[in-house]
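The values are calculated or read from the model by the stated rules, or taken from the named source; none is laboratory data. Quick caveat: nothing in here was measured; it's all calculated off a predicted structure. All Cβ positions, glycine included, derive from the backbone under ideal geometry; neighbour counts span all protein chains shown. Please note that ligands, DNA and RNA were not included when accessible areas were found on the heavy atoms of the full protein model with its side chains. Shrake-Rupley method; radii C 1.70, N 1.55, O 1.52, S 1.80 Å.
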Amino acid sequence: MIITFVGHGYVGLVTACVFADFGNKVWVVGHTKEKLERLKKGDPIIYEPGLKELLQKNLQAKRIHFTTEYKEAIGESEIVFIAVGTPPKTNGEADLTAIFEVAEKIGIHLTRPFTVVSCKSTVPVGTNKKVLDIINKTKKGKQKEIAVASCPEFLREGTALHDTLHPDRVVIGSNSKKAIETLLELHHTINGKRIITDLSSAELIKYTSNAMLATKISFANLISFYCEKTGADVETVLNAVGLDNRIGRAFLYPGVGYGGSCLPKDVKALTQTGVSLGIDVSFLNALEQINMHARRNIIEKITSHVKGKKIAIWGLSFKPNTDDIREAPSLYVIQELVKLGFSVSAYDPAAMANVKKILGSGVSFVENPYEAVENASALCILTEWNEFKQVDLSKVKKHMKHPLIIDGRNIYDPKKIQEEGFMYFGVGRSV
Ligand code: UGA
């Protein structure tokens with residue numbers, strides 16, 4: 001098949017590379033020339049394990065092509081995927097400007113008798129109907145048939161290739177039988193349960209999934225607050241609760257709150273959709289409040305227990321195996337610490353360059369975890385990168401002014417860490 005992706009972020013680029021690897025001819029359309037030049041040279045711009053290799057392989061095989069020109073890509077594509085960003089507006093509503101601009105351009109450049117336009121971006125219910133209206137208005141020639149579908153994406157950063165190749169489900173929402181058949185054909189190399197549905201349901205499936213994940217995380221954080229007040233151990237509690245098959249342990253890990261470019265944004269957008277529909281959204285508001293409280297909780301632990309002014313931070317990305325710092329809890333924590341007069345020495349295996357662009361005075365960035373703890377009065381762990389799990393703790397202790405660890409991701413066993421001579425505060429853990 002010949003297909004186009006408009007947008008080359010995590011969703012667009014990863015999915016484009018995967019479908020190119022299956023032998024399809026794939027166009028990727030973007031509007032920033034400098035970025036497209038890098039992509040053409042095999043630099044994926046974003047850090048995602050395995051993506052660079054897959055991109056380079058498919059560039060060499062001439063199966064993936066990057067362009068700023070809609071004309072050459074749309075003109076020959078059976079399926080056009082929209083995979084551009086839907087960032088939050090100041091009130092939390094999803095900003096659909098890019099989606100509608102792309103829809104207009106697709107309409108203008110359609111030349112095939114039948115094209116499927118499939119939206120992979122996360123968009124509020126009703127958006128794809130508007131996309132169809134825009135394309136119908138802008139397309140030239142009534143004989144050209146188009147169908148719109150919603151094909152939401154469930155990949156996670158850090159495991160994006162694996163998730164795209166082995167999804168739990170492939171959701172295709174459309175009112176057109178022809179569009180569904182075309183998309184099923186494209187996906188035939190990918191396993192996962194097929195959910196064929198209407199546009200609105202597909203759009204809502206994506207928001208419901210992310211809001212459910214945020215619910216589990218916030219619930220885990222809420223229970224961690226109970227544990228901290230009562231001396232119960234959150235890991236034991238949630239392990240036991242998660243063994244109930246109806247509940248499961250996944251995404252029941254408490255910590256410093258959920259971050260990233262999706263969960264925070266999508267909870268906000270679902271809230272705004274609810275408000276516009278006259279639905280009581282207090283449940284969604286509570287998720288966000290708990291999420292903020294999880295971040296503040298770290299600051300409270302630092303101000304209550306740290307005797308000194310220098311804090312080491314390990315982990316800046318919103319989760320491991322990515323350099324993405326969008327809505328990363330680390331940004332909030334560091335900014336608050338600097339405001340409180342602490343000096344911060346930070347280390348992250350991938351995200352330091354991105355944080356350097358945003359945070360300046362009061363923060364120094366160092367090359368390894370040991371350098372970060374040099375003369376520090378506390379070590380605060382904000383991302384559970386593997387390389388922190390088995391560091392040489394005796395070396396860490398030697399470098400620190402006070403051996404105090406505030407573990408925002410519960411990567412250590414409290415008993416063992418205390419035996420090493422550290423004062424230790426995890427999240428919802430008895431000490
Ligand atoms: C999320 C969803 O998991 C994907 O299914 C979805 O496709 C994607 O959003 C999207 O909408 O594009 P992602 O943002 O990559 O994926 O990250 P997650 O793995 O969901 O983690 C989100 C945040 O929750 C991270 O900050 C992570 O540290 C935190 N988290 C996760 C917890 O605090 N506890 C947990 O138990 C799990």
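Numbers for the structure displayed
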{"quantity": "Length-normalised contact order for the stretch 170-212 - Cα pairs under 8 Å, 6+ apart - percent", "calculated": "53"}
{"quantity": "Principal axis dimensions, the chain - Cα atoms, whole angstrom, descending", "calculated": "75, 47, 37"}
{"quantity": "Paramagnetic label zone (point 7 Å from Cα along Cα-to-C-beta, Lys177; backbone N under 19 Å) in the stretch 129-159", "calculated": "145-150"}
{"quantity": "Charge sum, other residues only, whose C-beta stays under 15 Å from Gly50's C-beta, Lys/Arg counted +1 and Asp/Glu -1", "calculated": "-4"}
{"quantity": "Qualifying aspartates and glutamates (Cα of each under 16 Å from Cα of Lys137; at least 8 residues distant if same chain)", "calculated": "Glu101, Glu104, Glu145"}
{"quantity": "Set of aspartates and glutamates with alpha-carbon distance to Lys57 below 14 Å, sequence-local pairs under 8 removed", "calculated": "Asp21, Asp43"}
{"quantity": "Per-selection metrics, the stretch 188-239 (Cα): Rg and Dmax in Å", "calculated": "17.5, 52"}
{"quantity": "Crossing angle, helix 329-339 versus the chain [Cα axis fit, 0-90 degrees, rounded to tens]", "calculated": "50"}
{"quantity": "Solvent-accessible area of His187 with every protein chain in place, 1.4 Å probe, in Å² to the nearest 10", "calculated": "10"}
{"quantity": "Sparse-neighbourhood loop sites, trypsin sites (Lys or Arg not before Pro) in the stretch 220-298 - DSSP loop, at most 10 other Cβ within 10 angstrom", "calculated": "Arg246"}
{"quantity": "Förster-model FRET efficiency, 51 Å R0, Lys89 and Ile190, C-beta, rounded to 0.05", "calculated": "0.90"}
{"quantity": "Whether the stretch 1-128 is rounded, prolate or oblate, judged on the alpha carbon gyration tensor where a/c under 1.5 counts as rounded", "calculated": "oblate"}
{"quantity": "Built amide H within the under 5 Å cut-off of Asn410, gap 5+", "calculated": "Val427"}
{"quantity": "Carbon + sulfur, % of accessible area of the stretch 10-94 - ligands and nucleic acids excluded, 1.4 Å", "calculated": "50"}
{"quantity": "Accessible surface ranking that places the most exposed of Tyr47, Tyr258 first, with a 1.4 angstrom probe", "calculated": "Tyr47, Tyr258"}
{"quantity": "Heavy atoms of Ser218 accessible to a 1.4 Å probe, total area in Å² rounded to 10", "calculated": "0"}
{"quantity": "Charge context of Val14, other residues only, Cβ under 10 angstrom, K/R +1, D/E -1", "calculated": "-4"}
{"quantity": "Accessible area, probe 1.4 Å, largest first, for residues Met1, Met212", "calculated": "Met212, Met1"}
{"quantity": "Percent accessible area from carbon and sulfur atoms, the stretch 273-430, protein chains only, probe 1.4 Å", "calculated": "50"}
{"quantity": "Set Lys41/Lys319; Lys301/Lys395; Lys40/Lys62 screened for pairs whose C-alpha atoms are more than 18 Å apart", "calculated": "Lys41/Lys319; Lys301/Lys395"}
{"quantity": "Rounded percent of accessible protein surface that carbon and sulfur make up, the stretch 137-223, 1.4 Å probe", "calculated": "59"}
{"quantity": "Reach of Lys89 by Cα under 18 Å, taken over lysines that are not fewer than 8 positions away in the same chain", "calculated": "Lys265, Lys268"}
{"quantity": "Neighbourhood net charge (15 Å Cβ-Cβ; Lys/Arg +1, Asp/Glu -1) for Met1", "calculated": "-1"}
{"quantity": "Accessible area per residue, Å², the chain with all protein chains present, probe 1.4 Å", "calculated": "45"}
{"quantity": "Residue-by-residue Karplus 3J(HN,Hα) for the stretch 20-31, coefficients 6.51, -1.76, 1.60, Hz, glycine and proline x", "calculated": "5, 5, 7, x, 6, 8, 10, 9, 10, 9, x, 10"}
{"quantity": "Hydrodynamic radius of the stretch 268-341 per Kirkwood, over alpha carbon pairs, in Å", "calculated": "14.6"}
{"quantity": "The stretch 315-396 shape via C-alpha gyration tensor axes, a/c threshold 1.5", "calculated": "oblate"}
{"quantity": "Three-way shape label, the stretch 87-185, alpha-carbon gyration tensor, a/c 1.5", "calculated": "oblate"}
{"quantity": "Rounded accessible area of Asp407 (nearest 10 Å², 1.4 Å probe)", "calculated": "0"}
{"quantity": "Cβ charges +1 (Lys, Arg) and -1 (Asp, Glu), total dipole of the chain, debye", "calculated": "520"}
{"quantity": "Under 5 Å, built H, 5+ apart or other chain: amide partners of Ser176", "calculated": "none"}
